[in-house]
Amino acid sequence: ILNVEQSPQSLHVQEGDSTNFTCSFPSSNFYALHWYRWETAKSPEALFVMTLNGDEKKKGQISATLNTKEGYSYLYIKGSQPEDSATYLCAFKRTRQLTFGSGTQLTVLP
Amino acid sequence: DTEVTQTPKHLVMGMTNKKSLKCEQHMGHRAMYWYKQKAKKPPELMFVYSYEKLSINESVPSRFSPECPNSSLLNLHLHALQPEDSALYLCASSHDPTGGETQYFGPGTRLLVL
């Protein structure tokens, strides 16, 4: 069984706060790690695809790091805004297709 | 155009009904996917089509029948569903069928089986 764990399950922060959450995955036979942002009633939107140990990716105020040896990825949001409120999903690929975590639900309060 | 469209947005059906979910993309992607998501759970892969051929069936019951009429369209035919099949059904596509590239998702069809 391939488990992808995300923590915390949910998070409330104030506008302007920086925040981060974790995706843990099996460290063996790693292929790729995806991050998606999913707003209610919309399509999941791809943020990053990360493949190399030590990768760091950035998109606006959102960045992600990857440690394939220990099996985790962090997603950081600097200066959160209410429009950053969404569920952030990670998905792990080893041999077959993507296996998703349950997501971290972020609420940014104005 | 990076959009994946799905119809209908919502569907209510009885256990004896036959219905179909539709998915369409015009990005020239050669891989298309069906996922099922129950509340508070991660999306679970159901089927993968690669170059219009079914390449992965994750042991899905036969009451779900996928179809890929051409490279832009993906259908999911539903027959004799159970109430526990109520879920959000997501379609996705990607350029590369091996799963390493970004998948583009539709907004999903929310299905209720009575």
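The values are calculated or read from the model by the stated rules, or taken from the named source; none is laboratory data. Worth saying up front: this structure is predicted, and the values here are computed from it rather than measured. Here Cβ is always computed from backbone atoms with ideal geometry, including for glycine, and neighbour counts include all displayed protein chains.
Below are the figures for this structure:
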{"read-out": "Matching entry among A:L66, A:L33 (being closer than 27 Å to B:S50 by Cβ, in contact with a strand residue (DSSP E or B) (Cβ under 9 Å, 6 or more places away or on another chain) and without any contact (Cβ under 8 Å) to a residue 40 or more places away in the chain)", "value": "A:L66"}
{"read-out": "Residue match in segment B:39-59 (condition: among the charged types (D, E, K, R) and free of Cβ contacts under 8 Å to residues at least 12 places away in the same chain)", "value": "yes"}
{"read-out": "Count of segment B:56-74 residues which are farther than 15 Å from B:V4 by Cα and in a loop (DSSP other than H, G, I, E, B)", "value": "6"}
{"read-out": "Evaluation of B:L114 against (1) without any contact (Cβ under 8 Å) to a residue 40 or more places away in the chain; (2) touching a strand residue (DSSP E or B) at 6+ places or on another chain (Cβ under 9 Å) (one fails), failing number", "value": "(1)"}
{"read-out": "Some residue of segment B:59-70 being within 14 Å of another protein chain (Cβ to nearest Cβ), out of contact with any Lys or Arg (no Cβ under 9 Å at 6 or more places or on another chain) and under 28 Å from A:S102 (Cα atoms)", "value": "yes"}
{"read-out": "Checking B:L21 against (1) part of a strand (DSSP E or B); (2) within 10 Å of chain A (Cβ to nearest Cβ); (3) in contact with a Phe, Trp or Tyr (Cβ under 7 Å, 6 or more places away or on another chain); (4) closer than 20 Å to A:K42 by Cα, the condition it does not meet", "value": "(2)"}
{"read-out": "Residue that is farthest from B:A87 (Cα to Cα), among those in segment A:35-58 that are among the hydrophobic types (A, V, I, L, M, F, W, C) and surrounded by fewer than 12 Cβ atoms within 10 Å (Cβ to Cβ)", "value": "A:L52"}
{"read-out": "Matching residues in segment B:59-83 - criterion: being more than 18 Å from B:G108 (Cβ to Cβ) and either loosely packed, with under 13 Cβ neighbours inside 10 Å or not hydroxyl-bearing (S, T, Y) (or both)", "value": "B:S59, B:P61, B:S62, B:R63, B:E67, B:C68, B:P69, B:N70, B:H79, B:A80, B:Q82, B:P83"}
{"read-out": "Strands (runs of 3 or more DSSP E) wholly inside segment A:1-78 containing at least 3 residues that are within 13 Å of chain B (Cβ to nearest Cβ) and among the aromatic types (F, W, Y)", "value": "A:32-38"}
{"read-out": "Count - residues of segment A:79-110 that are within 17 Å of A:W35 (Cα to Cα), part of a loop (DSSP other than H, G, I, E, B) and among the β-branched types (V, I, T)", "value": "0"}
{"read-out": "Given (1) within 12 Å of another protein chain (Cβ to nearest Cβ); (2) under 11 Å from the mean Cα position of the chain (by Cα), number of the condition B:S50 does not satisfy", "value": "(2)"}
{"read-out": "Residue in segment A:26-42 that is under 14 Å from the mean Cα position of the chain (by Cα) and β-branched (V, I, T) present", "value": "no"}
{"read-out": "Selected residue (criterion: surrounded by the fewest Cβ atoms within 10 Å (Cβ to Cβ)) from residues of segment A:79-110 that are within 14 Å of chain B (Cβ to nearest Cβ) and polar (S, T, N, Q)", "value": "A:T95"}
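Residues are listed down the side, and each one gets a yes or a no for (1) at pLDDT 95 or above; (2) within 11 Å of chain A (Cβ to nearest Cβ); (3) within 12 Å of the chain's Cα centre (by Cα); (4) part of a loop (DSSP other than H, G, I, E, B):
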| site | (1), (2), (3), (4) |
| --- | --- |
| B:K40 | no, yes, no, yes |
| B:L45 | no, yes, yes, no |
| B:L76 | yes, no, yes, no |
| B:E84 | yes, no, no, no |
| B:L88 | yes, yes, yes, no |
| B:P97 | no, yes, no, yes |
| B:T102 | no, yes, no, yes |
